[in-house]
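Only one structure is covered here, and it is reproduced in the block below.
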Amino acid sequence: MARLQYQEIEQQLATALPELKRAVDVYAKVEGPPGSDPGAYIFFEDMFACYVEVLLAMRDSPGRNRLLARAFGFVDEMLRSDDGDLRNLAAIGLFEGRELWWYGRALPFLGTASQAELNRLDSEWMEAKRLDCGPEPEREIIDLYGVRDLVLHELRDKGYGVIDVPGITAPRSWERFSDLDDARRDDHAVVFLSCFGTSRPYVVCPLREVRCDESVLLQLARDLADIDQREPNQHEKAQVAFFRISLHERVWNMKVRANEHSRFDGKMWIAEQFVQRGLVPDIMGVFSGTSRHLTSRSS
């Protein structure tokens with residue numbers, strides 16, 4: 001391995017762990033290339049540390065364990081560097097502030113340099129040895145750059161499916177279509193009506209069920225925002241977007257009963273607040289093209 005350098009760590013990580021290259025590329029697409037992105041700490045904490053946590057939360061298997069061994073081996077190389085900035089990046093970006101469950105799952109993969117660093121950072125980390133730290137497939141891990149896709153790609157032929165890879169990715173900013181016509185080319189495209197960006201979804205609907213145009217969908221989103229009325233001028237913060245969301249992916253804030261971030265089942269989902277107001281037939285009518293707006297505006 002070439003001598004690791006703090007200023008080159010983004011590219012060096014992709015070279016040392018080619019299984020991560022696609023996520024590195026997505027990061028660069030979303031945040032900008034090295035030098036114009038938010039910096040090494042955001043890259044390391046939000047991409048690499050997320051990748052490690054996803055793997056730690058999964059059930060054991062030779063394939064999963066191999067990926068973790070490679071990841072922690074790279075971290076040990078960082079910690080053995082004479083570059084203090086690089087050592088701090090590894091320590092703070094991956095180890096600092098972790099719970100005992102995390103340490104317990106990581107124990108079999110920690111090299112000597114990592115263990116020495118943990119002894120310096122957290123004298124109680126070894127308490128994890130006494131705990132039963134099992135997998136947590138429903139763990140809420142926010143995946144901003146598609147590391148879950150890489151894990152699934154690496155392990156799909158080992159018996160893993162979407163529901164075996166913890167975390168929440170959808171909706172993905174880099175899988176947003178430019179418009180309705182663009183989205184119709186993808187079998188996994190959905191319409192996503194929401195407010196405040198994508199943080200408050202109103203309706204998620206497979207595109208195959210849409211029989212209206214984009215302007216009608218935007219008006220529907222604005223009408224729903226008016227009903228929602230969480231803050232002034234909310235009408236202007238509503239949007240219609242088109243994303244690729246695969247079956248069984250968890251979707252941020254798509255609430256179904258006690259599940260805060262439910263899995264997409266391929267059917268139309270409508271936020272509970274509108275279901276309780278009896279707006280489901282009206283909303284479905286707009287999507288099906290039988291009406292162009294809500295016929296009732298229950299408050």
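The values are calculated or read from the model by the stated rules, or taken from the named source; none is laboratory data. Quick caveat: nothing in here was measured; it's all calculated off a predicted structure. Don't worry about glycine lacking a Cβ; one is built from the backbone with ideal geometry, like all the others, and counts go over all protein chains shown. When the accessible area is computed, the model is the full protein with side chains, heavy atoms only, and any ligands, DNA or RNA have been set aside. Shrake-Rupley method; radii C 1.70, N 1.55, O 1.52, S 1.80 Å.
If you roll a 1.4 Å probe over the heavy atoms of the protein chains, what accessible area per residue do you get for the chain, in Å²? Write down the numbers at each step before the final one.
Values: 14310 Å² over 299 residues.
In whole numbers, the chain has 48 Å² accessible per residue.
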Query raised in the report: Hey, if you put +1 on the Cβ of every Lys and Arg and -1 on every Asp and Glu Cβ in the chain, which of GLY63, GLY146, THR290 ends up farthest toward the positive end of that dipole?
Result: THR290
Query raised in the report: Taking the Cα-to-Cβ direction at ALA116 and at ARG66 and moving 7 Å from each Cα, how far apart do the two end points lie in nm?
Result: 3.0
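So if R0 is 51 Å, what FRET efficiency would ASP37 and HIS293 give, r being the distance between their Cβ atoms, rounded to the nearest 0.05?
Values: r = 43 Å, r/R0 = 0.83.
The value I calculate is 0.75.
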Report summary line: Distance in nm between LEU247 and ARG139 label points, each 7 Å along Cα→Cβ, equals 2.8
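Shape call for segment 16-156 from the C-alpha gyration tensor, a ≥ b ≥ c root eigenvalues: rounded (a/c under 1.5), prolate (a/b greater than b/c) or oblate? Provide the component values of the computation, followed by the final result.
Values: a/c = 1.74, a/b = 1.15, b/c = 1.51.
Cα axes put segment 16-156 in the oblate bin.
Using +1 on the beta carbon of Lys and Arg, -1 on that of Asp and Glu, and nothing else charged, what's the dipole of segment 1-99 about the Cα centre, debye to 20? Provide the component values of the computation, followed by the final result.
On the way: 11 positive and 17 negative charges, 95 e Å.
Computed charge dipole of segment 1-99: roughly 460 debye.
Could you calculate the contour length gain from ARG22 to SER123, that is, 0.36 nm times the residue separation minus the distance between their Cα atoms, to one decimal place in nm? Before the final figure, lay out each step's value.
Values: separation 101, 0.36 × 101 = 36.36 nm, distance 3.61 nm.
Length gained, ARG22 through SER123: 32.8 nm.
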**Report entry** Global form of segment 130-260, assessed from the alpha-carbon gyration tensor, a/c cut-off 1.5
**Finding:** oblate
Report task. Among the trypsin sites (Lys or Arg not before Pro) in segment 218-275, which ones are in a DSSP loop with at most 13 other Cβ atoms within 10 Å of the Cβ? Mind listing them? Result -> ARG230, ARG257, LYS267
Report task. Quote the accessible area belonging to SER291 in square angstrom, nearest 10, computed with a 1.4 Å probe and with ligands, DNA and RNA left uncounted. Result -> 30
**Report entry** Debye, to nearest 20: dipole size of segment 35-151, +1 on Lys, Arg Cβ, -1 on Asp, Glu Cβ
**Finding:** 500
Requested in this report: Convert 4 °C to kelvin, take the viscosity as 1.567 mPa s, use the Kirkwood radius over C-alpha pairs of the chain as Rh, and evaluate the Stokes-Einstein diffusion coefficient in µm²/s, rounded to a whole number.
Outcome: 61
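May I ask you to derive the relative contact order of the chain, considering only C-alpha pairs under 8 Å and at least 6 residues apart, and to give it as an integer percent?
15
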Requested in this report: Compute the length gained on full extension between ARG257 and ARG176: take 0.36 nm times their separation in residues and subtract their Cα-Cα distance, giving the result in nm to one decimal.
Outcome: 26.4 nm
Report task. Straight distance only, please: which lysines reach the Cα of LYS29 with their own Cα at less than 23 Å, same-chain residues fewer than 8 apart left out? Result -> LYS21
**Report entry** From phi via Karplus (6.51, -1.76, 1.60), per-residue ³J(HN,Hα) for segment 160-175 in Hz, x at Gly/Pro
**Finding:** 9, x, 4, 6, 8, 10, x, x, 10, 10, 7, x, 9, 4, 7, 10
